[in-house]
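Student: My structure is below; once you've seen it, I'll send some questions.
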Amino acid sequence: MVRRPVAWIVAIVLFLEAFGIAAVNWFLGVVVDRQDMSLAGLDPDMMSTSSKIGGIVFGLYFAFCGLVALLVALRDRAPAGFGRILLISAAVVHALLGAFAWGLLGPAEFVFMVVVLALIVLLLMTYDRPQPPAADAAPGDTGGDGGPAKEGNGTGPVTSPPAPTTP
């Protein structure tokens, strides 16, 4: 049973985006190659090649981010280490692309980038690690609900316990 479908959705969206980015940049490289025009004296073959390489690099980047999201979905655990950093960087990239999309392309593309950004942030927040239980509650100390007192609910100690001293 799928408990948190957000990871599956993020993985699918990132894989589709990886394919889309690679295909668009490859298409732009082919267009530049066929026009055989120079831009400010730049070599058209170099522009075509760099567009294709950039498309492949960004496509692999988004595909790798999608793989991390897929692993999160399969394991049903929070991303850790490099995977978490990679997803955070993908969120930052989508925020920047959204800002550029608003000015260059229009509101529809901006909304798409913000939705993908929100999905990545939701993935990171949904699988956030829970806080460990408070271990300093005394065994006989009970809160207002009959359970052990916990810090932060108004029934626990207001100050931290005294530091241990050496005799």
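The values are calculated or read from the model by the stated rules, or taken from the named source; none is laboratory data. Computed from a prediction, not measured in an experiment: that's the story for all the values here. Keep in mind that these areas ignore ligands, DNA and RNA; they rest on the heavy atoms of the full protein, side chains included. Shrake-Rupley method; radii C 1.70, N 1.55, O 1.52, S 1.80 Å.
Student: Output wanted: per-residue J couplings in Hz (rounded whole) for the range 33-46, from phi through Karplus 6.51 cos²θ - 1.76 cosθ + 1.60, θ = phi - 60°, x for Gly and Pro.
Tutor: With coefficients 6.51, -1.76 and 1.60, one gets 5, 6, 6, 6, 10, 9, 10, 6, x, 6, 6, x, 5, 5 Hz.
Student: Would you kindly give the portion of the calculated P(r) for the range 67-133 that falls above 18 Å, as a percent of all Cα pairs?
Tutor: 43 percent
Student: Still on this model: Give me the accessible area of Arg75, 1.4 Å probe, in Å² rounded to the nearest 10.
Tutor: Its accessible surface works out to 140 Å², give or take rounding.
Student: To continue, here is another question. Given 0.36 nm per residue, what is the gain on full extension from Met37 to Ile85 after removing their alpha carbon distance, in nm?
Tutor: Gain on extension, Met37 to Ile85, equals 13.3 nm.
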